[in-house]
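Structure, as structure tokens:
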Amino acid sequence: MEHSEHEISIEEREMNKWKKRLILSWIFVIPVAIIMLSDRLFGFKIFQEGTMTIVILILSFPVIFIFGWETIRQGIKGIFTFYFNMDSLIALGTIIAYLTGILSFFGIVQDYSGVSSMIMAFFTTGKYIESIARGKASQEVRKLLQLGAKKARILQGNKEIEVEISEVKIGDIIVVRPGEKIPTDGIVFKGESSVDESMITGESMPIEKAKGSNVIGATINQDGVLYIKATKIGKDTFLAHIIKLVEEAQGTKVPIQKLADKITNIFVPTILIISILTFIDWLYISKDVSKSIGIAISVLVIACPCALGLATPTALMVGSGIGAKNGILIRKGEAIQTMKEVKIIVFDKTGTITKGMPEVTDMISTINEKEFLKIAASLEKVSEHPISRAIVNKAKEENIKLSEVKKFKVERGRGVRGDIQGKNVLIGNKKLMDENKINYKKYEDKIIELEAQGKTTVVVSISKKVVGIIGVADAIKEDSLKAIKELHRKNYRTVMITGDNERTAKAIASQAGINEVIANVLPEEKEKKVIELQKEGMVAFVGDGINDAPALKQSNVGIAMGTGTDIAIEAGDIVLANGSLKGVVSAINLSKATFGKIKQNLFWAFFYNVIAIPLAILGTLNPVIAEIAMATSSITVVSNANLLRRKKI
Amino acid sequence: MKKIKLTIEGMHCASCASNIERAVKKVSGVNEVVVSLMTNKAFVDVDDKVNKEEIKKAVGKVGYKVVDVEE
């Protein structure tokens, strides 16, 4: 959906609507209040009894049946179709009060008509304030919707022409000057600059970009001119995905709200019945029709299903909004509740703790080094594995021309094999060599030495004879250690899981500050390891979301790391837009804070109704006071959710 | 099975959201409905053969308006 700057959002329209009604209502209600109060409080009658009732009925009419018509109509419709709602209570309360004014002429009851318009006016006022608070609750998410660029300057021949963002096509070259917004996702084609990505990833430091770098739409180009080739447009952009995630999260439920939802469903009819019973009881006890009507009206208007219904969604909205601003995308409401039970956090190694960009650091071989690298890289170029890429990159750096490979095969979790120039080449870990009965004794000491440094070591064999080994190192992310320390301080048990062998894994884990390691795990076994750990407590799994999808799903809370411009949408209950482990700490803090708010709100909403309804039944509250209390309670809930912003995450 | 997203105008309270959920759930071909009061959106899980007009009508019947349908 496109959002232009001039388009008024539903929230704003709602706010304006209530504001208009509020002003109009009070113009009529203030005189009503003056007439009534001067009579009740000071015994000063502006009009005679009968005239007063007529004046109040006339003044109240537009407040209820014109400005309040939508509420009345919805409410009555609700009663007749058995789809009761909040409006049903207000409609009944005001209409009954209004009718007492008319009936008072026949001497049947006392006149309550002034109360009718006052209830409606306070209801409208409450709704207006609530709509402002609700608008505030969703401000971060709305900002996200408006974040996208509206226009782009594309290069056609030598000319730059400005077009609407919707007209940009994949492959277009877009010119972005310093200070401008990058219109869509793309890859830098020419130019160098730094880019502020904080609005998308929450990362406050600008990121350097040069030819070949990926850029994200809606981020701000800082100091150089960038020529960008558009790679993703419209619904496929990073920003569009984030918006989708955040919006869909609002469509998920937090388990704790189930009871509140159940109560909301039967709330209004229940109150109607209670109100009727109250009327009958009071009539029986006091024989005073007027008093009984007044009390019944109080019961109708004091009950507040809104506070109950708003308690969870508002807090979730504010929480996910703050999260989105910081690059933490909550996909499922359930995750924030489960998070507080989590005791064990399992990290995937590659790409999560480490940068996921391994580099060749050591090559030891009995044959010519160039020839050795040529054979290794030729075989590895067909594979997608990070280690393979590291070896291929090394060959590229040295400008080595690669040979053709036949009968290529991936030995899952162990290595690769294939034929080069008629010779069978095998590259992989010790397991692969053992399985093929290849003797690598000569390199054993060297392998141990490299592994102790945290380097993954692969053995290269040609025609069943080992010709050398390659050590590949994947450096850990700068902030991994700090994040893990923080988690330990919060008493979490941390575990690293990896396909690497024990020694390499332990070396990396100790660099990151993790004591517990599960090594030699095949990709498909990660899920099983999670199940095992779950016997000891709730598990959060942190992974890149691509290879780790089953483990992410199996864990109690799956935290998927977004890397670069790829975002793992389907896996993971929480997605971190920037790849930093700091995000895990923030996600935990945010979940706990949000869930705390939800609990507070639900408690308040229950507490309010449990206290207020009996007070109304006992006849201690005037209907107008009852209405004010009701309006205040739902405003309180929404405002309390907004206070979540003060939490540091 | 597919998901559609409706933008709904006129919701102002929690019972509104639950009423819409109740009403839309009764439309044949609808498996699951979640209404978000905060974003004015309804997320509906439907069969392929569902009639979208029926859903709109159901929302209209309980007093609200569907202003946008996205697949």
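Express in whole angstrom the spacing between the alpha-carbon centres of segment A:385-430 and segment A:150-182.
Between the Cα centre of segment A:385-430 and that of segment A:150-182, the gap is 41 Å.
Order by neighbour count: A:E369, B:E54, fewest other Cβ atoms within 10 Å first, most last.
Working: A:E369 12, B:E54 15.
By the 10 Å Cβ count, ascending, the order reads A:E369, B:E54.
Can you tell me the Rg and the Dmax, both Å, for the Cα atoms in segment A:499-649?
My reading of the Cα-based Rg and Dmax gives 23.2, 76 Å.
Determine the equivalent ellipsoid of segment A:434-549 by diagonalising the alpha-carbon gyration tensor, then write out the semi-axes as square roots of 5 times the eigenvalues, largest first, rounded to whole Å.
Semi-axes, largest first: 31, 17, 12 Å.
Taking the dipole about the Cα centre of chain A, with the C-beta of Lys and Arg at +1 and of Asp and Glu at -1, give me whichever of A:V141, A:M118, A:G101 is farthest to the positive side.
The listed residue farthest towards the positive side: A:V141.
Stretched out fully, how many nm does the piece from A:I34 to A:R73 gain, at 0.36 nm a residue minus the Cα gap?
11.2 nm
With 10 angstrom as the radius, rank A:H241, A:H488 by how many other C-beta atoms surround their C-beta, starting from the fewest.
A:H488, A:H241
Can you pull the one-decimal nm distance between simple spin-label points at A:E167 and A:L145, each 7 Å off the Cα toward Cβ?
About 2.6 nm, to one decimal.
Calculate the radius of gyration of the Cα atoms of chain B to one decimal place, then report Dmax, the largest Cα-Cα distance, as a whole number, both in Å.
For chain B, the Cα-based Rg and Dmax read 10.6, 31 Å.
As a footprinting exposure proxy, order A:T504, A:T264, A:T494, A:T81 by other Cβ within 10 Å, with the fewest listed first.
A:T81, A:T494, A:T264, A:T504
How large is the convex hull of the C-alpha atoms of chain A per residue, in Å³?
Convex hull volume per residue, Cα atoms: 191 Å³.
What share of the DSSP beta bridges in chain A is antiparallel, in percent to the nearest 5?
Antiparallel bridges: around 75 percent, rounded to the nearest 5.
Evaluated at 10 °C with a viscosity of 1.306 mPa s, what Stokes-Einstein diffusion coefficient in µm²/s does segment A:160-209 have when Rh comes from the Kirkwood expression over alpha-carbon pairs?
Working: Rh = 12.4 Å.
In µm²/s, the coefficient rounds to 129.
I need the shape label for segment A:84-128. Rule: rounded when a/c is under 1.5, else prolate if a/b > b/c, else oblate, with a, b, c from the alpha carbon gyration tensor.
Oblate, since a/c reaches 1.5 and b/c is not below a/b.
Rg and Dmax of segment A:203-243 over Cα atoms: what are they, in angstrom?
Calculated on Cα positions, Rg and Dmax stand at 11.2, 28 Å.
Could you let me know the centre-to-centre spacing of segment A:332-376 and segment A:74-95, using Cα atoms, in angstrom?
Using only Cα atoms, the two centres lie 60 Å from each other.
From a point 7 Å beyond the Cα of B:V67 in the direction of its Cβ, which residues of segment A:40-76 have a backbone N at a distance under 18 Å?
In segment A:40-76, the label zone of B:V67 (backbone N under 18 Å from the point 7 Å along Cα→Cβ) covers A:70-71.
Please work out the ratio of the alpha-carbon Rg of segment A:6-63 to 2.2 N^0.38 Å and round it to two decimals. Don't skip to the end; give the middle numbers.
Details: Rg = 16.4 Å, N = 58, 2.2 N^0.38 = 10.3 Å.
Against the empirical 2.2 N^0.38 Å value, I get 1.59 for segment A:6-63.
Can you pull the three principal axis extents for the Cα set of segment A:317-426, in Å, largest first?
Reported extents, whole Å, longest axis first: 62, 26, 22.
Kirkwood hydrodynamic radius of segment A:1-114 from all distinct Cα pairs, in Å?
16.1 Å is the Kirkwood radius here.
Run through segment A:185-266 and list the trypsin sites (Lys or Arg not before Pro) located in a DSSP loop whose Cβ has at most 15 other Cβ atoms within 10 Å.
Those satisfying the criteria are A:K211.
At most 13 other Cβ atoms within 10 Å plus a DSSP loop assignment makes a site exposed; report the longest stretch of chain A without any exposed chymotrypsin sites (Phe, Trp or Tyr not before Pro).
Looking at chain A, A:83-649 is the longest stretch - no exposed chymotrypsin sites (Phe, Trp or Tyr not before Pro) with at most 13 other Cβ atoms within 10 Å.
Here, each number is a calculation from the coordinates, and none is a lab measurement. All values reported here derive from a predicted model rather than from experimental measurement. Cβ atoms come from the backbone with ideal geometry, glycine included; neighbour counts cover every protein chain shown.
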